[in-house]
Amino acid sequence: MAHILSIVSSKGGAGKTTVALNLAVALAEEGDNTLLIDVDPLGAIGFSLAQSDTEWRGLAECMMDKLSIDEVIMPTRLPALSLLPRGRLDPIDVGIYENMLHSSTTLCEVIASVENKFRYIIIDTPSGLGMGTRAALSVSNFVLLPLQAESLALRSISQTLRVVQHVKEHENPKLELLGILATMVQLKKDVSFNIMKTVWGSLSGVLENYLPRADVFSVASEKGLPVAFLPGQYSPEAARFQLLVTEIKGIIQSLGGTTGETDERPQRALI
């Protein structure tokens, strides 16, 4: 059974899609079969990979019963990674899409049909706490909250935590908070450093790993690539996602989940 992880942020600009894409890539590069689902009506994953708004069929076609799930899941050149794009959606139909996503059983049926094929399913949600986000939370085992290291994001994180708790209590008792991931951190700047002091001192569940504000993310976006796929020397930011995978797997195990790792190792001889 797959671990289903939604990436959720109550406000835009927190790096939610960047986290979803690069986390999925890091999991797949470790050999874990991973599916990245884009439920954002803006189709943020497609844009991050430099695709046009109408390039890929996907979840929208499934909801309209035009295509089956097997017809829209896309393999990638990374063997362990597959994509389920948002699909072709006219911007004027976003409201209809969100209503269908929240009221229909399509997303639940999609998850049920593929969860035995993947170890991890990562869901990139819309910014905010609306119907698309709630639909994703209702089918997830875990939620990861990117938190931009700035005052407004810190003030609004309580709203996100409140919604997560409500969904767990009333809609999906299997939902667990995997953690809060600080993003766009600049520890050499007083404002960002002070925000992080508050985050570390006042919030529980903050992950040890964080993502800095770095030009490499803009370069990757411009090229339509995950940061690990950029040419040249392997960037420290790409390595951070490998560390994030290790931390996340440890938390999942501590919550009683299995990650495919084993704690039992045979005795070995060095010489």
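The values are calculated or read from the model by the stated rules, or taken from the named source; none is laboratory data. Predicted model only: the values in this text are computed from it and were never measured. Every residue, glycine among them, receives a Cβ derived from its backbone with ideal geometry; neighbour counts consider all protein chains shown. The accessibility values were calculated without ligands, DNA or RNA, using every heavy atom of the protein model including side chains. Shrake-Rupley method; radii C 1.70, N 1.55, O 1.52, S 1.80 Å.
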Note on segment 171-208: residues in a loop (DSSP other than H, G, I, E, B), open to solvent by 30 Å² or more (accessible area, probe 1.4 Å) and of a type outside the set (Ser, Thr, Tyr) are Glu171, Pro173, Lys174, Met184, Gln186, Leu187, Lys188, Lys189, Leu203, Gly205, Glu208
Flagged pairs (Cβ under 6 angstrom, 6 or more apart or on separate chains; first in segment 206-222, more than 12 Å from Met184 (Cβ to Cβ); second β-branched (Val, Ile, Thr)) are Val206/Ile180; Val206/Val199; Val216/Val227; Ala220/Val227
Taking first residues from segment 246-257 that are free of Cβ contacts under 8 Å to residues at least 40 places away in the same chain and second residues anywhere that are in a helix (DSSP H, G or I), the pairs with Cβ under 6 Å that are 6 or more apart or on different chains are none
Flagged pairs (Cβ under 7 angstrom, 6 or more apart or on separate chains; first in segment 66-90, open to solvent by less than 30 Å² (accessible area, probe 1.4 Å) and at pLDDT 95 or above; second hydroxyl-bearing (Ser, Thr, Tyr) and not in a strand (DSSP E or B)) are Ser82/Thr76; Leu83/Thr76
- Is it fair to say Thr198 is among the β-branched types (Val, Ile, Thr), touching a residue at least 24 places away in the same chain (Cβ under 8 Å) and touching a Gly at 6+ places or on another chain (Cβ under 7 Å)? no
